[in-house]
Every structure is written in C-alpha cells, then in structure tokens.
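Take a look at the structure set out below.
Please treat every number below as a calculation from the coordinates, not as lab data. The shown structure was predicted, so the numbers you read here are calculated from the model rather than taken from an experiment. When we count neighbours, we look across all protein chains shown, and the Cβ atoms used for this are built from the backbone with ideal geometry, even at glycine.
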Amino acid sequence: MTIHLLRDYFTQNTTSNNSYVFPYVLSIFMRRVLKYTYVGDTNYNINSIGTLLIATGDSNPTGATNFAVGTKAGINIGPQKEYYVTIPSSVRTVVGADIGRLLVLRSNTYPRHNSGVFLIVGIEASTNSYVIDYRTLGEKPPVEAADSIEWWLYEKDVNAPINGTANTKTSAEYRGDGNSTTPRLILQSPHALGWQVRFCNEVASDISTNSNSTGSCPVTTYAPGFGGNSAGDYPVFGQHFHAPMWNNSSSNIYVGGAPGTGFTGNNGVQYRITVVGDDTGQGIIMYCRRQFNATSPNSYILAFGLPENETTPLPVNNQARLFVIGSGFAASNKGNDGGFQFSLTDGAAPSATAGYSQGMSATPFGTPCACSPSMWAFIVGGLPGNPGSPGQGTGPQYDIFATDNPYFSATELLPIDLMQGSLSNWSNSSVIPVYPFAPRMIGTIPHIRQGRANFGDFSPTTDPARSYQHLRRGLYIPWNGPNLIP
C-alpha cells in the first residue's frame, strides 16, 4: 500500500457555490492519483478531455493510465525554479489562461510530497513550465527530472460543477437521480472488492438546512456501495446506504442518512483541502479547513471506504463492510466543524443537530443503518454535584494534562472503532425508528488515529519524519510530508 497526500489545496472560489469545490478536488485526486476507475456520471465528466479535463500526457485518460516515453512532467528544475513543473511541449504549450487552473501530479517516488492537486500561479514560456503553489513552509520539492511524473490539467475550481434541476418524480421522492440534471459521478475502488462511491451535488429540494426543514441531504453527498450505473446513480433498495435514495424519499426523517459536506450561502469563505488516500482502495480521509479561523464552524471532515482491522467472520454481503462519515445536513453551524469531533459531545444525545458528524453503513442483511465512530470515553458519570462533567461524552484524549508516554517519549495514537446499528435515527425525534438496531463492530477507520488533543492544531508531530499531523480534538492523520503552513 502506498499512501498519497493531497496537501492543503487553497480554494479560489469565494462565491456561494464554493461548497462544490470539495467533491471536484476529491474526485479528481481519487481518479488520477489513487487510480479509481470511472463508472458513470451525469454532467460531471472528469474522465475525458473536454470542459473539465483540459490536457494530459496520458494517451488513455478514460481508462488505465498510459504515459508514453517523453510525455510525463518534472519538478524542481533548478535554483530559483524549485516550484516549476515542466510540461512536454510536444503535448501542451503552457499559456497564461492556465493560471488558476489545477495541475494534478502523481509521483511514484515522492507520493507524500509531489503527488496532489496544485494551483497554478504562474507560467514560464522558455521552459514550458507551470509555477505551482506547493503549500509548504520554506521547503523545496524533491527533484524529479523531466518525464518522471504523471500529470493532468483541470479547469479552475470556480468552474466546478454545481447542482442542477430535480427529476420528474413527486416532491415526496428523492429528486437527485434518474432524469435529474444535477451533476453526479460514480468511481470504483482499485480494491479487490471493487466497491464504488457516488458523489452528488444534491438538488435544492433535497438539501436540508436543519433537521426540522424539508429535505434530508447536505449540499454534497458521498455514498459508498455497489451496482452504480452509467448515469451515476444507484437503484432504490440497492447495495448502498444513501438513505434518501435507498428509500426514494425526501422526508426529513432521513437527515443524517446521506453524509457529506457543504452548506449554502457561503460567500467570501475559502478552504484548505487535505486528503489522505491509498492506491489499494482502502479508504479516504478528507478535511476542509476554513481559512483564517480554524476553530470556527464551517470546517468539514469526511471519511469513507473499507475499514481496517475488520471483525470476523466477515458478512457475506460486502455492502455491510463499507462506511461513510460526514456532515448530516447543510446548516452553517451544525454537523460541520463538529465533524472534527468524532467523539460524542458532552451532554448531547446523538442527533443530526449535535456538533459532530453522522455516519452510515449497512446491516449484514443489506438495510442502511447508522454508523458511529467509537473512541475511548469515560464510563462513569460526572463529578459530585456536577453530573455533566466530565461525563460520558469526553475521554482521555481531552485530558488537559495529557503528555507523551513516559516509556517511549511519544504521543500514543490509537485506532478509532466503527460501530454500526446502535442508533435508530439521526433526526431530532428519538421516537421515530428509521434504521434497524443491529449492533456490530465492523473495524477501524483507515488513515486516522486518536491521541491527546492538547497538541498544536494542524501541526506535524515533532519526530524528524513528521509521521503524523494533528488536526483538531485529538484526530491525527499519517503525514511524512513537508512542513505545514500554519
């Protein structure tokens, strides 16, 4: 397994449509760098040269990657030109109109440094090079000579697909499939299971701004499963757990049942997107950090894929082995920044309005069910006279006195379990049974660990290799990459 990083891409879209940049950048990274294959789409063609994919040295961009000799790129071409990426002039002549577009690079030699999605900030005609925003603090890219790196040029993030019109179903049904024009896409994992994931820019009538409004989805959703079609849809009651689509319903009782990212009316906000993924198709972690105020709401974390350390015996139904965790709806202050908080919120019952992410999976008999991260927590109640503190919603990762383990002088990082089928709904009402109770530990979340939270937010660990990056609230992702911009 090789881990590739998409490091701190700084979004340029500051319009109310900026939430649609998240799936655009993520899908491109997965398709090109992590080698997910294309299944189908509606108005979301990142696969062939056209409106979104501008140019590449890949002679087979719709299938298995094929770069002939002399068609790859190089990076760091000399002093004062360390952030220059040379492009073969026989394939593409760089032009000023490319500034602001996305350069996707896949490095086999330095996958945590030179792979990723990079913003083009300049060009040099004499060397036919793009100048990229390398997103590090004072470090130079490892040198890779010309014809070393696979590359693809994509359109600017401000031109990412946004949502479209609803289908011709009734208003009580899910409106983002069938003959809907809304952009959506299905990619297939390189894992032996061949599991898929559907990206969808949900139609306005299916977007919920809180758990009491109509609709049941956040702005964009990400649904693992099997059996996707050429239009980028799964069937009703199919092998997936996008609850509104599975039940063909727009009812708000399914709020939290289609986890994703984004909210509407987000003018003027920029984000910093980082993705951790692997080329074997195990899973994805993406966090979208709000720029200028990392502790305010409106940041996001998304996790999906196949768990590590799966519990045996494995279910016969492979759908039950998959999971997704993200924001449950499109409000500006709920389910978003709380996504950085996989653990329970002290004093709050699990619901779509609580300040943490919602998760979905499927029972062994194929029905969508809730799925929750399970972290270390205090079992006993609160302090005498103050039953809410510390309470069961906190754990040792929030111990303000926590420090490195004295035996090996390092911060302990532990896997995060995934528990499915222990909650009957994500809606506000605790009396509405929406999902079946079928408690089962299914494994641990890939590419993320828990540790002490009193570590610098968005900081690398202090070992020479910078093995991990601490996000917030005790969540750590594997790193081994360049130093970080604060």
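Overview of results
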item	result
Potential extension, Q80-N179 segment - 0.36 nm per residue separation minus Cα distance	30.4 nm
At R0 = 60 Å, FRET efficiency that the Cβ-Cβ distance of S16 and N483 yields, to 0.05	0.95
Too-long pairs where the Cα-Cα distance tops 24 Å, listed order kept, from K35/K169; K35/K81; K35/K156	K35/K169; K35/K81
I75, I284 arranged by Cβ crowding within 10 Å, fewest neighbours leading	I284, I75
Cβ-derived FRET efficiency at R0 30 Å, I49 paired with A204, nearest 0.05	0.45
Linear extension gain, T280 paired with A125, 0.36 nm per residue minus alpha-carbon span	52.0 nm
FRET E, pair T65, F401, Förster distance 51 Å, beta-carbon r, rounded to 0.05	0.50
Computed over the range 53-154: relative contact order in percent, which uses C-alpha pairs under 8 Å that are six or more apart	38
Likely footprinting exposure, V39, V95, fewest C-beta neighbours within 10 Å first	V95, V39
Under 13 Å from the Cα of K72 - aspartates and glutamates, other chains or at least 8 residues apart	D58, E144, D147, E150
Relative contact order of the chain, defined on C-alpha pairs under 8 angstrom at six or more residues apart (%)	14
The chain - convex hull of the alpha-carbon atoms, volume per residue in Å³	144
In degrees, nearest ten, helix 21-32 long axis to first principal axis of the chain (Cα)	60
Given charges at beta-carbon only (K, R positive; D, E negative), |dipole| of the chain in Debye	240
Modelled label reach - Q270, point 7 Å along Cα→Cβ, the range 113-133 residues with backbone N closer than 16 Å	118-122, 132-133
Percentage, to the nearest whole number, of Cα pairs in the range 442-486 over 18 Å apart	24
Sparse-neighbour loop sites [GluC sites (Glu not before Pro); the range 138-237; at most 14 other C-beta within 10 Å; DSSP]	E139
